[in-house]
Amino acid sequence: MKSKILENKKNNFSRLSKKIILIIMLSIAGYANAQKGTYLVMGTVGFNTNKIENGTVESKSTTFSLEPKVGYQFTDHWTLGLAASYSHNTNDNSSGTNNEAKTRVYSAGVFARYTQPLTEMFSVYGDLTTSFNNTKTKYAATGNDYTLNGFGLNFTPAIYMNLKNNFGLNFGFGGLNYGHSSGDGDTTSGFNVDFGSSFTMGVSKNF
């Protein structure tokens with residue numbers, strides 16, 4: 001009787017082991033498909049809000065952004081491709097009435113990505129994107145529109161989670177940005193570091 005029980009346990013353990021090995025092999029196979037020679041299609045949605053209080057003046061800024069990308073993964077770690085983006089920012093302060101300013105930014109450029117796998121499911125990557133930008137700002141107090149044209153350089157680290165068949169989610173938590181723009185008698189340039197102060201989430205698929 002004991003020998004049959006032990007034999008049944010061994011058989012159950014053997015079947016379980018085979019299932020685990022099969023799952024691991026399928027995971028590795030799915031992971032391997034997202035390597036050299038695949039095409040990347042992805043889109044990222046971002047939302048960022050900041051509130052600054054300076055004495056009796058309170059300023060609030062809210063930004064929504066959308067960024068699609070298409071690239072080719074030509075090595076196991078490197079991807080090159082095209083990027084576009086759109087963002088809308090609303091800035092308002094309590095120093096007076098009708099102090100709202102709305103800014104829309106359109107951009108297009110190229111990006112390079114380096115990806116480092118951690119497990120079959122998780123990877124970390126960094127995107128370096130250079131782009132040409134068009135910025136339009138409208139001030140509610142005057143009703144005037146201002147237009148700036150320029151370029152930007154952005155570095156964005158992120159986490160990739162592979163869900164199934166090289167379809168996954170991307171999570172970003174800010175980055176490092178440099179921009180230069182000029183137009184309508186004004187010139188702006190500068191660095192911006194927002195690690196941890198903004199959040200983006202997107203989806204991606206390797207074919």
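The values are calculated or read from the model by the stated rules, or taken from the named source; none is laboratory data. Worth saying up front: this structure is predicted, and the values here are computed from it rather than measured. A quick note on method: Cβ atoms are made from the backbone with ideal geometry, for glycine too, and the neighbour counts reach across all protein chains shown. Areas reflect the complete protein model, heavy atoms only, side chains present, ligands, DNA and RNA absent. Shrake-Rupley method; radii C 1.70, N 1.55, O 1.52, S 1.80 Å.
Neighbours of PRO157, meaning other residues whose beta-carbon lies under 11 angstrom from its beta-carbon, give a summed charge of 0 when Lys and Arg score +1 and Asp and Glu score -1.
Given Cα positions, please report Rg to Rh for the range 114-207, the hydrodynamic radius being the Kirkwood one.
We get a ratio of 1.13 for the range 114-207.
What does the charge count around LEU176 come to, taking other residues whose C-beta lies under 12 Å from its C-beta (Lys +1, Arg +1, Asp -1, Glu -1)?
-2
Shown for the range 50-207: the carbon plus sulfur share of the solvent-accessible area, taken with all protein chains present and a 1.4 angstrom probe, equals 60%. For MET161 and ASP145, the difference between the fully extended length at 0.36 nm per residue and the C-alpha to C-alpha distance is 1.6 nm.
All other residues with a Cβ under 12 Å from the Cβ of HIS77 taken together, and with Lys, Arg as +1 and Asp, Glu as -1, what is their net charge? List each step's numbers first, then the result.
Working: positive: LYS36, ARG113; negative: ASP76.
Value of the local net charge: +1.
Filter the cross-link list LYS60/LYS138; LYS69/LYS205; LYS69/LYS138; LYS102/LYS136 down to pairs whose alpha-carbon distance in this structure exceeds 19 Å. Mind showing how you got there, number by number?
Details: LYS60/LYS138 16 Å; LYS69/LYS205 11 Å; LYS69/LYS138 28 Å; LYS102/LYS136 8 Å.
Listed pairs above 19 Å: LYS69/LYS138.
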